[in-house]
Amino acid sequence: MAEVLRLADEIGPDRLSTTEVARAIGLSQPAIFRHFPTKGALWLAVAEDIADRLQNYWAVAETGATGPHARLKALIGAQLTAIAETPALPSILFSRELQVDNPALRDVFRGLLGAFQGRLVAVVHDLQAAGEMKRHVSPEDVAILLTSLVQGVAIRWTLGARGFALVPEGLRLFDVQMDLLSAKEGACDA
C-alpha cells in the first residue's frame, strides 16, 4: 500500500496505473490482478489501510491526552500528522477515482469522516459540560468547523507545494478557533 500511496503522491491518483504499481513493487501486471481483481479493488484496499492507520492515530492521540481540550487538540494533531505522513491523501479525496469511479472508496472515506467527527462531537460535549466552550454552538457544528479547518489547511499545504509545516500551522489555527469558541469572556482579546 505504501508504494501505491507514494506513486499517487508522485503522479496523482487519477494517473496511477496498475502497470506503474506492478513495476514499483517488482511484480507483473497480471500478478497485481491476482491480488486485486480490479483497479477499484486495489484502491479500496488502500482506503481500508488508510482507515486503519487513521483510527490508530486517533486512539493513540486520545489515550495520551488528559482533559477534553488536550484530547481535542490531540485528535486534530493526529489527523494533521496523518496527512503530513501521507501527502497523497488530499489528492485521493478529491480524485475522480473517489468522486465518480469508485463509490465503495467514497463510502470508506465518508465513514472515516463520520467516525472522526463523532470523536470530535464527544469531546466538544465534554468541553461544553465543563463550561469551557460556548454552549449555543452545537457540538456537530463545532466538529464540522474543525474538520473543515483540517481540510482547508491540508489543501492550502498541498496547493502551496508543502511550503510550510502542516502540523504546527494547523494547530495554530486550531488554537485560534478554540479562542473563538471559548466560553470565557474576552478570550479572543487575550
How large is the charge dipole for the range 45-190, taken about the Cα centre, if only the Cβ atoms of Lys, Arg (+1) and Asp, Glu (-1) carry charge, to the nearest 20 debye?
140 debye
For the range 102-190, what is the per residue volume of the convex hull drawn over the alpha-carbon atoms, in cubic angstrom?
106 Å³
Go ahead and estimate [θ] at 222 nm for the chain from helices alone: -39,500 (n - 2.57) per DSSP H run with n ≥ 4, summed, over the residue count, rounded to 500.
-24000 deg cm²/dmol
Amide H neighbours of Met133 under 5 Å, counting only residues 5+ apart in sequence or on other chains, H built in-plane at 1.01 Å?
Gln128, Ala183
DSSP H helices in the chain with Cα extent of 27 Å or more along the helix axis and mean Kyte-Doolittle hydropathy at least -0.5?
39-64, 103-129, 139-159
Please express the shape of the chain as an equivalent ellipsoid: the semi-axes are the square roots of 5 times the eigenvalues of the C-alpha gyration tensor, given largest first in whole angstrom.
36, 16, 13
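Read-outs throughout are calculated quantities, based only on the coordinates presented, and are distinct from any laboratory measurement. Here the structure is a predicted model, which means the values were calculated and not measured. Positions of Cβ are generated from backbone atoms using ideal geometry, with glycine treated the same way; all protein chains shown enter the neighbour counts.
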